[in-house]
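A quick write-up on the structure given underneath.
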Amino acid sequence: MMNNESTVKSERYSSRYTRGFLRMLTNEGQVLTDKFVEQFYTSKNYQERLEAIKYLISVTGKYSFPEKILADALKDFCSQVKVYVLKHFNFSGVVDPQIKDCLKDIAQNDEKLQLRTLALERLSELDDKYHYDLFFSTSLLKGSKESSAGLRGLYKLDKEKAYQMAKFRTESSSGNLDIAIAEIFQSEGDINDLAFIKQRLKARNKFNKIELIRIYLKFLGRLEIDTIIRSNILFISEDILATSNRELVQLLIMELHHFVSSYHDYLSKNENLLKYLNKTIDILLEKKYLNNGQNDPFGPI
């Protein structure tokens, strides 16, 4: 009996000790958090302000600090501080109107393209119809980074309007905007929109090729039309082979394998198409065609 009582007392002591230790750690953590809040507001050295913001973002949700400090960080005269906040803070749960206003101001007025683009991307995460006009107008800008961020933001608020805007921008798009348009076509488009992705893929040497192929394959998987899938897989493969870039060939093999795995249910009902895809992967895995300059490694598949 005495042994049981001793055990219970020991467990109670251990529990009290653990709770006390955790309270001590929490108090120390809060003290350190308060220290970094003060450091941000008092330091004239941007590196010290950046250090403070890095720490505060890392303990978000663990220790308390005024949300207003993030708005003030977005107004910091040092762009590195603003970039860090825009890249690393999760704005999805933000309710402070000051922070939203800061994001909008940066998106519209900051002199640095990187900051304007990042602010647009963070605003799109808020899913707030208040920013509809900003996304719409930004989608029409010449720069591909800003316009792509604007188009993606518009898509979150109005898929139909974003699809209409994507169609409108196809004649003047490039770079990041090409990717944003392709993503919208993949989700909302029809078979006629494949031509845009096909043309943009052909025009790339290496930049964005694999990202376009990934979207291209998802589009084909959504269509589920055997002849279209077959002809476009052949086009993609020949386009990549024409680059003679072994890295791109390897990445294409990975994407085709992922396509086969992702659409297993559909392909299991279409044995000929599945054989075609597997044969294509087998041919791409052969290394000889890259060395002997064979013009048509596919032949009759």
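The values are calculated or read from the model by the stated rules, or taken from the named source; none is laboratory data. Since the structure is predicted, the reported quantities are computational estimates derived from the model, not experimental observations. Note: ideal-geometry Cβ built from the backbone for every residue, glycine included; neighbour counts use all protein chains shown. Accessible surface areas use protein heavy atoms only, side chains included; no ligands, DNA or RNA. Shrake-Rupley method; radii C 1.70, N 1.55, O 1.52, S 1.80 Å.
Divide the volume of the convex hull of the Cα atoms of segment 125-201 by its number of residues and quote the answer in cubic angstrom per residue.
76 Å³
Per residue, what accessible area does the chain have, given a 1.4 Å probe and all protein chains present, in Å²?
57 Å²
Can you give the extra length, in nm with one decimal, that the chain gains between Gln80 and Leu274 once fully stretched, where that is 0.36 nm per residue apart less the Cα-Cα distance?
64.8 nm
Between helix 2-42 and the chain, what is the angle of the helix's C-alpha long axis to the longest principal axis, kept within 0 to 90° and rounded to the nearest 10?
With both axes taken from Cα atoms, the answer is about 80 degrees.
Can you give me the angle between helix 194-203 and the longest principal axis of the chain, using Cα atoms only, in degrees from 0 to 90, rounded to the nearest 10?
Orientation of helix 194-203: about 90 degrees from the principal axis.
For the peptides 126-136, 49-59, what is the packing order when you average, over each peptide's residues, the other Cβ atoms within 10 Å and list the highest mean first?
49-59, 126-136
Read phi for every residue in segment 73-82 and hand back ³J(HN,Hα) as whole Hz from Karplus 6.51 cos²θ - 1.76 cosθ + 1.60, θ = phi - 60°, with x for Gly and Pro.
Per residue, the Karplus-derived 3J(HN,Hα) values read 5, 6, 9, 4, 6, 8, 5, 4, 5, 5 Hz.
Using the structure shown, select from Lys54/Lys218; Lys142/Lys209; Lys75/Lys206; Lys87/Lys209 the pairs with a Cα to Cα distance greater than 28 angstrom.
In this structure, Lys54/Lys218; Lys75/Lys206 exceed 28 Å between Cα atoms.
What is the helix-to-structure angle for 246-262, meaning the angle in degrees between its Cα long axis and the longest Cα principal axis of the chain, kept from 0 to 90 and rounded to the nearest 10?
80 degrees
Rg/Rh for the chain to two decimals, with Rh computed the Kirkwood way over all alpha-carbon pairs.
Rg divided by Rh gives 1.15.
Per-residue counts of other Cβ atoms within 10 Å, averaged by peptide: what ranking do you get for 60-69, 149-158, 224-233, highest first?
Taking the mean over residues of other Cβ atoms within 10 Å, the ranking is 149-158, 224-233, 60-69.
Can you work out the FRET efficiency for the pair Ser261 and Ile57, with r the C-beta to C-beta distance and R0 = 30 Å, to the nearest 0.05?
Here the calculated transfer efficiency is 0.25.
First compute the accessible area of the chain with a 1.4 Å probe, then give the percent of it belonging to carbon and sulfur atoms.
Result for the chain: 51 percent of the exposed heavy-atom area is carbon or sulfur.
For segment 74-216, what does the convex hull of the Cα positions come to per residue, in cubic angstrom?
114 Å³
For segment 158-291, what is the Kirkwood hydrodynamic radius in Å, using each pair of distinct C-alpha atoms?
Computed over segment 158-291, the radius equals 15.4 Å.
Where nothing but the Cβ of Lys and Arg (+1) and of Asp and Glu (-1) is charged, how large is the charge dipole of the chain around its Cα centre, in debye to the nearest 20?
Roughly 480 debye for the chain.
For segment 134-147, in order, what is each residue's ³J(HN,Hα) by Karplus, 6.51 cos²θ - 1.76 cosθ + 1.60 with θ = phi - 60°, in whole Hz (x at glycine and Pro)?
5, 5, 4, 5, 5, 4, 9, 5, 6, x, 5, 6, 5, 5
Over the chain, what relative contact order in percent results from Cα pairs under 8 Å that are six or more residues apart?
So the answer I get is 8 percent.
Nearest 500 deg cm²/dmol is fine: what mean residue ellipticity at 222 nm does the chain get from its DSSP H runs of n ≥ 4 alone, each adding -39,500 (n - 2.57), divided by its residue count?
Computed mean residue ellipticity for the chain: -24000 deg cm²/dmol.
Taking Lys145 as the anchor, which aspartates and glutamates have their alpha carbon closer than 16 Å to its alpha carbon, excluding any fewer than eight residues away along the same chain?
Within the straight-line limit of under 16 Å, Lys145 reaches these aspartates and glutamates: Asp110, Glu111, Glu121, Asp178, Glu183, Glu211.
Given the protein chains as shown and a 1.4 Å probe, how many square angstrom of Asp110 are accessible, to the nearest 10?
The value for Asp110 is about 20 Å².
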